[in-house]
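The values are calculated or read from the model by the stated rules, or taken from the named source; none is laboratory data. As the structure is a computational prediction, the values presented were derived from the model and not from experiment. Cβ sites come from the backbone with ideal geometry, for glycine too, and all protein chains shown count toward neighbours.
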């Protein structure tokens, strides 16, 4: 297998799609969207390089029903991610896959290196985050982002009806999982000010 530059992962969340999910945040993004919730994931030299076989083992051991890939920008590492998802589906045949991207679906369809990951994606959430268009709807950060169902493994009725967040405490502080709700943004604002 190959390697991926990742920021971190959690083996059990229900904040980024239906059911128990393994969520993987990849490292690196050049967009620098104003109001980005994860600016530390933009540095393409940040995070750590991980063997995809190691990540695959973590996914298999998690017993997850779904895999959500975010970042950073997943399609900067589309080829190894496509291989990872394909291998994960061999081990967990019912696994559904959600991928967040700042690219549009149309842009990805024109990019040959995106094909493998697109082929393994059940739900693509596309488009750059635009702070002024943050409407509070679930599963996306702003109203310009689209939920594009590419297979029948997931459908709109499977999606949560509100944004949910989870705080995970680490030795270096905390991480938030999920699309920030209004309350989470207020809490983060209070914490940043204090």
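Numerical summary
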read-out: Residue within the range 143-161 that is more than 22 Å from residue 63 (Cβ to Cβ) and at pLDDT below 90 present; value: yes
read-out: Residue match in the range 56-68 (condition: surrounded by fewer than 22 Cβ atoms within 10 Å (Cβ to Cβ), in contact with a strand residue (DSSP E or B) (Cβ under 8 Å, 6 or more places away or on another chain) and more than 22 Å from residue 3 (Cβ to Cβ)); value: yes
read-out: Strands (runs of 3 or more DSSP E) lying entirely in the range 101-170 (those with 2 or more residues that are surrounded by fewer than 19 Cβ atoms within 10 Å (Cβ to Cβ) and without any contact (Cβ under 8 Å) to a residue 24 or more places away in the chain); value: 166-170
read-out: Filtered residue count, the range 72-95, keeping only those that are surrounded by fewer than 23 Cβ atoms within 10 Å (Cβ to Cβ), in contact with a strand residue (DSSP E or B) (Cβ under 8 Å, 6 or more places away or on another chain) and outside any helix (DSSP H, G or I); value: 2
read-out: Single residue of the range 1-45 satisfying the filter (touching a helix residue (DSSP H, G or I) at 6+ places or on another chain (Cβ under 9 Å) and without any contact (Cβ under 8 Å) to a residue 40 or more places away in the chain) that is farthest from residue 137 (Cα to Cα); value: 44
read-out: In the range 11-34, the residues that are surrounded by 19 or more Cβ atoms within 10 Å (Cβ to Cβ) and not in a loop (DSSP other than H, G, I, E, B); value: 13, 21, 22, 23, 24, 25, 26
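Rundown of residues vs (1) over 21 Å from residue 127 (Cβ atoms); (2) modelled with pLDDT under 95; (3) more than 16 Å from the chain's Cα centre (by Cα), yes/no style:
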site: 39; (1), (2), (3): no, yes, no
site: 65; (1), (2), (3): yes, no, no
site: 77; (1), (2), (3): no, no, no
site: 109; (1), (2), (3): no, no, yes
